[in-house]
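In what follows, a structure is listed as structure tokens, so that the remarks can point back to it.
The values are calculated or read from the model by the stated rules, or taken from the named source; none is laboratory data. The model shown is predicted, which means the values in this text are computed figures rather than measured ones. Note that each Cβ is placed from the backbone with ideal geometry, even for glycine, and that neighbours are counted across all protein chains shown.
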């Protein structure tokens, strides 16, 4: 199946589980029968019907290990782990690129190669064994199918006055999918400055910052917004309960629609309080059983090359991106320059 660049595209948000958000994870550290996960949003269902919901429930039933879960934007989760580095509370960190590379660079991840990682393509795991993709995904946008007769096709269309205060994208540097907006614009417009020039113009239509990408799709479905950013996995899963949600991929005027892979990548936290439990959960998420459920339950793409999903959702997902050009970002360069990119975006947009 096409991956990480040359045939497709993805997201993140904020919503901490009350129990762990309130205690900062300290309860997890005192219980040996738990595993704590810090994750980008998108894999947990709105109604308890997401891939995480199924996997965590089955994992708890089979192992007796309770999963404590904290969700937020990719950048937010990494920063939380950085603050806790001297006293780690998380066992497993799941985030989108370039934040998984950032976490690795900050020494937040220890080397551990779970069973099944040998079936993950080299582009979707670290060379040093500190992280591996557990769900493949692609970046995209959503639109309201009821309010718009057809999806927009180009970036330039979004400058039209009809999108004023009806368009929103999540914040680069905070949300993984928000950062993806900047990465895709830089690719499509041929460089950082042309992308910033465009995003500066787009700001007049933009509602404003959002730390959570996952919260934007419901607004689009209700018609509060006409267009927002997202990712294929999250938005496809949401569309089952949001009938007005459509997925599309912007093109530069005169060009072809593009996307890139934004996998959910997972790693074992350095000095994790429950390291062995974290290892067990990582192996469970990469198991053939869990990977077979990625498309049908999670709306995403399996990370394992030896798992061939043939359910109706897997077919629909493949068709959704089959005519979209997939490019491969230079994640090492993006991670290295991310702070500058975000600072320049803030200056260009007045954010």
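Restricting to segment 66-91, and then to whatever is surrounded by 23 or more Cβ atoms within 10 Å (Cβ to Cβ) and part of a loop (DSSP other than H, G, I, E, B), can you tell me which residue is nearest to the chain's Cα centre (by Cα)?
Among them, the one singled out is 73.
From the list 95, 130, pick out the single residue that is under 20 Å from residue 217 (Cα atoms), at pLDDT 95 or above and buried (at least 19 other Cβ atoms within 10 Å of the Cβ).
95
Just name the residue that is farthest from residue 339 (Cα to Cα) out of those in segment 184-217 that are assigned to a helix (DSSP H, G or I) and touching a strand residue (DSSP E or B) at 6+ places or on another chain (Cβ under 8 Å).
If we take residues in segment 184-217 being assigned to a helix (DSSP H, G or I) and touching a strand residue (DSSP E or B) at 6+ places or on another chain (Cβ under 8 Å), then 217 is farthest from residue 339 (Cα to Cα).
Restricting attention to segment 236-262, and to residues there that are at pLDDT below 95 and within 19 Å of the chain's Cα centre (by Cα), which single residue is farthest from residue 342 (Cα to Cα)?
Of the residues in segment 236-262, the ones at pLDDT below 95 are 236-241, 261-262.
Okay, now just the ones that are also within 19 Å of the chain's Cα centre (by Cα), so 236-240, 261-262.
Working: 236: 28, 237: 29, 238: 28, 239: 30, 240: 33, 261: 20, 262: 18 Å.
Looking at residues that are at pLDDT below 95 and within 19 Å of the chain's Cα centre (by Cα), I get 240.
Against the condition over 17 Å from the mean Cα position of the chain (by Cα) and either surrounded by fewer than 23 Cβ atoms within 10 Å (Cβ to Cβ) or part of a strand (DSSP E or B) (or both), how does residue 267 come out, does it pass? Break it down into steps so the answer makes sense when it comes.
Details: over 17 Å from the mean Cα position of the chain (by Cα): no; either surrounded by fewer than 23 Cβ atoms within 10 Å (Cβ to Cβ) or part of a strand (DSSP E or B) (or both): yes.
In short, no.
Quick check on segment 277-296. Is at least one of its residues assigned to a loop (DSSP other than H, G, I, E, B), touching a strand residue (DSSP E or B) at 6+ places or on another chain (Cβ under 8 Å) and more than 19 Å from residue 53 (Cα to Cα)?
Taking segment 277-296 and keeping what is assigned to a loop (DSSP other than H, G, I, E, B), we get 286-287, 293.
After this cut, where a residue has to be touching a strand residue (DSSP E or B) at 6+ places or on another chain (Cβ under 8 Å) as well, the list is 286.
Remaining after also requiring more than 19 Å from residue 53 (Cα to Cα): none.
No, every residue in segment 277-296 fails to be assigned to a loop (DSSP other than H, G, I, E, B), touching a strand residue (DSSP E or B) at 6+ places or on another chain (Cβ under 8 Å) and more than 19 Å from residue 53 (Cα to Cα).
Restricting the search to segment 133-171, which residues are farther than 22 Å from residue 215 by Cα and within 14 Å of the chain's Cα centre (by Cα)?
133, 134
Results for (1) surrounded by 16 or more Cβ atoms within 10 Å (Cβ to Cβ); (2) at pLDDT below 95; (3) closer than 24 Å to residue 44 by Cβ, shown as yes or no for each residue.
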{"site": "164", "(1), (2), (3)": "no, no, no"}
{"site": "177", "(1), (2), (3)": "yes, yes, yes"}
{"site": "188", "(1), (2), (3)": "yes, no, no"}
{"site": "194", "(1), (2), (3)": "no, no, no"}
{"site": "204", "(1), (2), (3)": "no, no, no"}
{"site": "215", "(1), (2), (3)": "yes, yes, yes"}
{"site": "223", "(1), (2), (3)": "no, no, no"}
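Scanning for something at negative phi, in contact with a helix residue (DSSP H, G or I) (Cβ under 6 Å, 6 or more places away or on another chain), part of a strand (DSSP E or B) and in the same structural domain as residue 250 (by TED's automatic domain parsing), does segment 144-156 turn up at least one residue?
So far as segment 144-156 goes, yes, one or more of its residues are at negative phi, in contact with a helix residue (DSSP H, G or I) (Cβ under 6 Å, 6 or more places away or on another chain), part of a strand (DSSP E or B) and in the same structural domain as residue 250 (by TED's automatic domain parsing).
Within segment 332-345, does at least one residue satisfy the condition of being in contact with a strand residue (DSSP E or B) (Cβ under 8 Å, 6 or more places away or on another chain), surrounded by 18 or more Cβ atoms within 10 Å (Cβ to Cβ) and not in a loop (DSSP other than H, G, I, E, B)?
To start, the set of residues in segment 332-345 that are in contact with a strand residue (DSSP E or B) (Cβ under 8 Å, 6 or more places away or on another chain) comprises none.
Checked segment 332-345: no residue is in contact with a strand residue (DSSP E or B) (Cβ under 8 Å, 6 or more places away or on another chain), surrounded by 18 or more Cβ atoms within 10 Å (Cβ to Cβ) and not in a loop (DSSP other than H, G, I, E, B).
Can residue 94 be described as closer than 26 Å to residue 183 by Cα, in contact with a strand residue (DSSP E or B) (Cβ under 7 Å, 6 or more places away or on another chain) and outside any helix (DSSP H, G or I)?
When the stated conditions are applied, residue 94 passes them.
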